[in-house]
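Beneath this line is the structure, given in structure tokens, with notes to follow.
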Amino acid sequence: MNGPVSLPMTQLKDDTDGMSSLKSMAEKAVVSAGLEEHLQTNTSTTTFTTETSSFFDANAKTDSQQTTQPQTTEITLQPLLGVAPLGPQPLSKEQCYQLAMLEAASHHLPHPSDSERLRHYLPRNPCPTPPYHHQVMPPHMDSVEFFQRLSTETLFFIFYYLEGTKAQYLAAKALKKQSWRFHTKYMMWFQRHEEPKTITDEYEQGTYIYFDYEKWGQRKKEGFTFEYRYLEDRDL
């Protein structure tokens, strides 16, 4: 009577068969807690989510295949090949001659004064002169060689008093050949008296001789700074 309680064999066998697997135990727990409907809903939702994800993955793969374009290769051509696709061709003898003539002509461009008409000298106050004087204008008076034979003061007179004429142009050209340089700010001609003491890319400083057209004479200026931006450096 005081020993352990013995259960009937039929009940013990049923309990052993009922608890034989974990699956049976879980099912019983779900049924006893009333979670059977919730479990079915989650199962269907998981199945729908898996199917939907597979559907979108398939569509994404299809779209990526459709949008994939064939790769292209870019190349860079030299500008010369755009003009001559077959490459540079050697020039003929005639073409080389014409190219040389064009290059020579570009170094001897016409000057606007070349188109001016030759102005004959007309005396303002004609008067009879002895026959041993010149009765006509000497030849080659409109050449640089003739102006180079004139005195410096005569060249200054022609430059300042025959403005806008070919004679002024030739006088300026003759003055430049004598190492005179025109200053566009002071409107005067300058010449180095000695080598400049300071020379930079923008100016040079030293002693200069300049022609004063107001007092009509040459003057010396020491310590003068000649800025190159005021230098008339056109090739006359």
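A few comments on the model shown:
- Under 5 Å, built H, 5+ apart or other chain: amide partners of M188: H183
- Accessible-area rank, largest first, for M141, M101: M101, M141, with all protein chains present and a 1.4 angstrom probe.
- Rolling a 1.4 angstrom probe over the protein heavy atoms with all chains in place gives region 95-206 an accessible area of 80 Å² per residue.
- Integer Hz, Karplus 6.51/-1.76/1.60 couplings in order for region 203-215, x for Gly and Pro: 7, 9, 10, x, 9, 10, 9, 10, 9, 8, 6, 7, 9
- Residues whose amide H lies under 5 Å from that of H193, counting only those 5 or more places away or on a different chain, are T207, Y208, I209; hydrogens are built 1.01 Å from N in the peptide plane.
- Relative to the current alpha-carbon distance between W216 and T152, full extension at 0.36 nm per residue lengthens the span by 21.8 nm.
- The stretch between M137 and C96, if pulled fully straight at 0.36 nm per residue, gains 10.2 nm over its current Cα-Cα span.
- Sequence-separation-based contact order of region 115-191, relative, with Cα cut under 8 Å and 6+ spacing, percent: 19 percent
- Per DSSP, loop trypsin sites (Lys or Arg not before Pro) in region 118-201 with at most 14 further Cβ within 10 Å: R119, R124, R149, K185, K197
- Rounded to whole numbers, the Karplus 3J(HN,Hα) couplings from phi for region 170-185 are 5, 5, 5, 5, 5, 5, 5, 5, 9, 6, 8, 10, 8, 9, 6, 7 Hz, using 6.51 cos²θ - 1.76 cosθ + 1.60 with θ = phi - 60°, and x at Gly and Pro.
- Cleavage-rule hits, GluC sites (Glu not before Pro), region 130-236, DSSP coil, Cβ neighbours within 10 Å at most 14: E163, E194, E202, E214, E232
- Computed over protein heavy atoms with a 1.4 Å probe, the carbon and sulfur contribution to the accessible area of region 159-236 reaches 43%.
- Pairs over the 22 Å Cα-Cα cut-off, from the set K197/K221; K173/K197; K185/K215: K173/K197.
- For region 168-211, applying the loop criterion from DSSP together with a ceiling of 14 other beta carbons within 10 Å to the chymotrypsin sites (Phe, Trp or Tyr not before Pro) yields Y186.
- In Å², nearest 10: area of V83 left accessible to a 1.4 Å probe: 130 Å²
- Here K197 and A84 are evaluated by their C-beta separation; at R0 = 45 Å the FRET efficiency comes out at 0.20.
The values are calculated or read from the model by the stated rules, or taken from the named source; none is laboratory data. Source: prediction; values computed, not measured. Don't worry about glycine lacking a Cβ; one is built from the backbone with ideal geometry, like all the others, and counts go over all protein chains shown. Please note that ligands, DNA and RNA were not included when accessible areas were found on the heavy atoms of the full protein model with its side chains. Shrake-Rupley method; radii C 1.70, N 1.55, O 1.52, S 1.80 Å.
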